[in-house]
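What follows is a set of notes on a single structure, which appears directly below.
The values are calculated or read from the model by the stated rules, or taken from the named source; none is laboratory data. Since we're looking at a predicted model, the values are computed, not measured. Glycine also receives a Cβ, built like all others from the backbone with ideal geometry; neighbour counts cover every protein chain displayed. Protein only, heavy atoms only, side chains kept; ligands, DNA and RNA dropped before computing areas. Shrake-Rupley method; radii C 1.70, N 1.55, O 1.52, S 1.80 Å.
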Amino acid sequence: IGITANVTGILANHGVNILDISQTIVQGYFTMIMLVDLEKLNVTFDELRDILDKKGKEIGLSIKIQLEEVFNSMHHV
């Protein structure tokens with residue numbers, strides 16, 4: 001309960017716009033993927049990553065963020 005609210009609240013507080021969101025359960029694990037716009041990000045990317053990592057540890061989750069270029073490179077066939 002509250003996973004989506006925790007993550008989206010942090011993103012909103014730091015000027016991140018959510019463009020698309022997908023949530024599902026994969027092999028018993030909650031999985032959420034977001035496509036976001038960082039144009040109005042009010043902290044550095046590294047700071048946002050650290051903020052999300054800290055929140056994840058607080059609520060017992062692993063929260064990862066990566067640039068689209070990295071994601072695309074990792075998933076290019």
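Could you derive backbone 3J(HN,Hα) for the stretch 59-68 from the dihedral phi with the Karplus parameters 6.51, -1.76 and 1.60 (θ = phi - 60°), listing whole Hz in sequence and x where the residue is Gly or Pro?
10, x, 10, 10, 10, 10, 9, 8, 5, 4
Give me the extension gain from Y29 to E47: residue separation times 0.36 nm, minus the current Cα-Cα distance, reported in nm with one decimal.
Values: separation 18, 0.36 × 18 = 6.48 nm, distance 2.63 nm.
Here the segment from Y29 to E47 would lengthen by 3.9 nm.
For the peptides 33-39, 10-16, what is the packing order when you average, over each peptide's residues, the other Cβ atoms within 10 Å and list the highest mean first?
Numbers: 33-39: 12.9, 10-16: 15.7.
Highest mean packing first, the order is 10-16, 33-39.
Once the Cα gyration tensor of the chain is diagonalised, what are the square roots of 5 times its eigenvalues, in whole Å and ordered largest first, as equivalent ellipsoid semi-axes?
Working: eigenvalues 69, 63, 29 Å².
Three semi-axes, in Å: 19, 18, 12.
Would you please name the trypsin sites (Lys or Arg not before Pro) within the stretch 1-55 that are DSSP coil residues with at most 16 other C-beta atoms within 10 Å of their C-beta? Walk me through the numbers on the way to the answer.
Values: sites: K40, R49, K54, K55; in loops: K40.
In loop regions of the stretch 1-55 (DSSP not H, G, I, E or B), the sparsely surrounded trypsin sites (Lys or Arg not before Pro) are K40.
What does the charge dipole of the chain about its Cα centre add up to, to the nearest 20 debye, if the Cβ of each Lys and Arg holds +1 and the Cβ of each Asp and Glu holds -1?
On the way: 6 positive and 10 negative charges, 61 e Å.
For this selection, approximately 300 debye.
So what is the relative contact order for the chain, in percent, with contacts set as C-alpha pairs under 8 Å and at least six apart?
Numbers: 58 pairs, mean separation 17.7, N = 77.
RCO, the chain: 23 percent.
So, with a 1.4 angstrom probe, what is the percent of accessible area on the stretch 17-71 that is carbon and sulfur?
Values: 2270 of 4350 Å².
That share works out to 52 percent.
For the chain, what is the mean residue ellipticity at 222 nm derived from helices alone (per DSSP H run of n ≥ 4: -39500 (n - 2.57); sum divided by total residues; nearest 500 deg cm²/dmol)? Provide the component values of the computation, followed by the final result.
Values: 3 runs with 33 residues, N = 77.
Calculated mean residue ellipticity at 222 nm is -13000 deg cm²/dmol.
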